[in-house]
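Here is the structure we will look at, set down as structure tokens.
The values are calculated or read from the model by the stated rules, or taken from the named source; none is laboratory data. Remember, predicted model here, so these are calculated numbers, not experimental data. Because the Cβ atoms are built from the backbone with ideal geometry, glycine has one as well, and the counts that use them run over all protein chains shown. Note: accessible area is taken over every heavy atom of the protein model, side chains too, but ligands, DNA and RNA are not part of it. Shrake-Rupley method; radii C 1.70, N 1.55, O 1.52, S 1.80 Å.
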Amino acid sequence: MSALAEGLKYRAEAKGRELADYRSEFADFEGVAYLNASLQGPLPLASVRASHEALEWKKRPDRLADSAYFELPNRIREKLSRVIGGKPEEMAVTSGASAGLAAVAAGIDWKPGDEVLVGKGEFPAHFSTWLRYEQAGKLRVRVVEPRGRFLCPDDYLASMGPQTRVVSASYVRFDNGARLDTPPIAEACRKFGSALILDLSQCAGGMPMDIRATGATMAVASGYKWMLGPYGCGFFWIADEWIERLPLGAVYFMALDGAHDFHSMFTRKLQVVPGARRWDSPETANFTNLAAFDTSLELILRIGIDAAARHVDALTAKITAGLDRDRCTLASPEERAARGPYVCISARKPEETLALYERVRAANIHVSFRENAIRCSPFIYNTAEEIERLLVALGS
């Protein structure tokens with residue numbers, strides 16, 4: 001059978017296969033309802049095997065081909081571009097979202113009066129990245145206050161001006177699941193010549209995405225959540241028209257042109273490679289991590305992000321529809337289009353939320369507690385029966 005015929009056969013079989021069947025791709029949770037992809041996505045069993053095989057390379061490095069230093073990161077670049085709708089040459093392979101943010105901060109030639117806008121309550125990396133630059137007097141971090149329950153474009157627009165150099169924001173918030181309406185902010189950034197950096201950690205792999213449609217100039221993500229990778233992997237995406245516009249900070253030697261031909265690279269003029277690869281994290285081909293990450297991305301793309309998102313939407317819709325609104329309230333936006341791939345729940349009386357969370361955890365249901373809300377993030381391995389267990393534990 002040809003490769004094309006095999007592919008068509010697999011897709012036909014997968015189309016009729018319930019996503020719940022993909023539980024076999026993961027370890028047995030032994031009675032735990034794991035509804036916490038937004039904390040850590042579980043490593044698929046095939047990815048665990050890939051990591052073990054990569055460890056064998058270190059046990060017998062005579063079997064490690066020189067080409068692995070480049071082929072493995074480049075395979076991941078190609079897969080990541082499909083996850084977010086970018087191009088492989090726009091993708092840098094990093095150790096996580098913070099690495100991408102740090103690369104941006106180190107590269108910009110800051111001028112007196114420059115401002116970085118960060119939404120109130122953002123994930124700490126959006127503050128820590130700029131801290132030493134602010135302390136050195138190179139920039140000012142301006143915190144954007146929401147005028148409503150959730151941050152909206154008008155909140156950012158009211159704070160923007162010629163002094164705005166960067167808007168650093170999560171596309172989906174870690175604390176409430178709210179999705180930011182980015183195009184109006186992106187339009188203002190174009191007007192002022194500013195960069196819009198989106199953190200995709202809480203959505204990349206968990207929902208369909210067209211990064212260009214967001215209007216972002218750059219994006220970062222950790223790979224250990226919805227992309228099911230190991231801890232310590234991620235990416236930095238930069239729009240191709242910004243690649244030459246953003247100066248480089250530190251440069252890893254394997255991002256130099258000719259690094260693949262190491263023995264002769266110093267006979268030529270040292271210069272960085274074209275594309276985003278110049279921002280790869282040092283020791284890019286971290287074999288045990290990247291072999292597993294590559295395999296996880298393969299699984300997600302094989303299942304299809306659209307199919308995975310439909311499954312997740314059905315599970316989160318079951319949560320919102322079954323929630324006892326006399327006892328609980330959504331801490332996320334009610335409108336589905338205004339949310340990422342998960343929901344957050346609070347007790348009707350806020351002071352009772354922690355006790356409610358503890359009751360859910362006591363029922364062997366693994367969720368997160370964030371900003372006095374219970375974050376519930378099911379994924380491809382979860383079932384409707386597990387959502388029923390959650391609703392019972394919530395008293396619904």
(request) Please state which of the following conditions residue 175 fails to meet, knowing it meets all the rest: (1) touching an Asp or Glu at 6+ places or on another chain (Cβ under 7 Å); (2) not in a loop (DSSP other than H, G, I, E, B). (result) (2)
(request) Only residues that are closer than 13 Å to residue 285 by Cβ and outside any loop (DSSP other than H, G, I, E, B): list them for the range 62-91, please. (result) 68, 69, 70, 71, 72, 73, 74, 75, 76, 77
(request) Under 7 Å between Cβ atoms, at least 6 apart or on separate chains: pull out the pairs that start in the range 90-106 with a residue that is at positive phi and end on any residue that is open to solvent by 10 Å² or more (accessible area, probe 1.4 Å) and part of a loop (DSSP other than H, G, I, E, B). (result) 96/232
(request) Residue by residue through the range 365-387, note down the ones that are closer than 16 Å to residue 23 by Cβ and open to solvent by 10 Å² or more (accessible area, probe 1.4 Å). (result) 366, 383, 384, 385, 386
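Counting only residues that are assigned to a helix (DSSP H, G or I) and at pLDDT 95 or above, how many does the range 13-50 have? Break it down into steps so the answer makes sense when it comes.
Within the range 13-50, the subset assigned to a helix (DSSP H, G or I) is 13-15, 19-25, 45-50.
Pick out the ones that are also at pLDDT 95 or above and you get 25, 45-50.
Qualifying residue count, the range 13-50: 7.
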(message) Testing residue 348 on (1) within 23 Å of the chain's Cα centre (by Cα); (2) closer than 12 Å to residue 394 by Cβ; (3) open to solvent by 50 Å² or more (accessible area, probe 1.4 Å), one condition comes back false. Which one is that?
(response) (1)
(request) Name the residue, out of 190, 165, that is in a strand (DSSP E or B), open to solvent by 30 Å² or more (accessible area, probe 1.4 Å) and under 28 Å from residue 278 (Cβ atoms). (result) 165
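Only one of 127, 123 is open to solvent by 20 Å² or more (accessible area, probe 1.4 Å), part of a helix (DSSP H, G or I), in contact (Cβ under 8 Å) with a residue 12 or more places away in the chain and in contact with a strand residue (DSSP E or B) (Cβ under 8 Å, 6 or more places away or on another chain); which?
Result of the check over 127, 123: 127.
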(request) Evaluate the following for residue 325: is it open to solvent by 50 Å² or more (accessible area, probe 1.4 Å), assigned to a loop (DSSP other than H, G, I, E, B) and over 30 Å from residue 108 (Cα atoms)? (result) yes
(message) Scan the range 301-321 and tell me whether some residue there is within 19 Å of the chain's Cα centre (by Cα) and outside any helix (DSSP H, G or I).
(response) yes
(message) What's the number of the only condition in (1) in a helix (DSSP H, G or I); (2) more than 17 Å from the chain's Cα centre (by Cα); (3) surrounded by fewer than 14 Cβ atoms within 10 Å (Cβ to Cβ) that residue 334 fails to meet?
(response) (1)
(request) Answer yes or no as to whether residue 83 is surrounded by 22 or more Cβ atoms within 10 Å (Cβ to Cβ) and out of contact with any Asp or Glu (no Cβ under 8 Å at 6 or more places or on another chain). (result) yes
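Quick one: would you say residue 216 is of a type in the set (Gly, Ala, Ser) and surrounded by 15 or more Cβ atoms within 10 Å (Cβ to Cβ)?
On the way: of a type in the set (Gly, Ala, Ser): yes; surrounded by 15 or more Cβ atoms within 10 Å (Cβ to Cβ): yes.
Yes.
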(request) May I ask you to list the residues in the range 339-387 that are charged (D, E, K, R), in contact (Cβ under 8 Å) with a residue 60 or more places away in the chain and either within 20 Å of residue 28 (Cβ to Cβ) or in contact with a helix residue (DSSP H, G or I) (Cβ under 7 Å, 6 or more places away or on another chain) (or both)? (result) 386
(request) Go through (1) open to solvent by 10 Å² or more (accessible area, probe 1.4 Å); (2) under 22 Å from residue 91 (Cα atoms); (3) in contact with a strand residue (DSSP E or B) (Cβ under 7 Å, 6 or more places away or on another chain) and name the single condition residue 232 misses. (result) (3)
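Residues being touching a Pro at 6+ places or on another chain (Cβ under 7 Å) and either open to solvent by 10 Å² or more (accessible area, probe 1.4 Å) or part of a strand (DSSP E or B) (or both): count how many of those fall in the range 153-162.
The first filter runs over the range 153-162 and keeps only residues touching a Pro at 6+ places or on another chain (Cβ under 7 Å), leaving 153, 155, 157.
Checking which are either open to solvent by 10 Å² or more (accessible area, probe 1.4 Å) or part of a strand (DSSP E or B) (or both) leaves us with 153, 157.
Summing the residues that are touching a Pro at 6+ places or on another chain (Cβ under 7 Å) and either open to solvent by 10 Å² or more (accessible area, probe 1.4 Å) or part of a strand (DSSP E or B) (or both) in the range 153-162 gives 2.
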(request) Please go through the range 276-290 and pick out each residue that is part of a helix (DSSP H, G or I), farther than 17 Å from residue 249 by Cβ and open to solvent by 10 Å² or more (accessible area, probe 1.4 Å). (result) 287, 288, 289
(request) Go through the range 351-360 and give me each residue that's surrounded by fewer than 16 Cβ atoms within 10 Å (Cβ to Cβ) and of a type outside the set (Gly, Ala, Ser). (result) 351, 352, 354, 358, 359
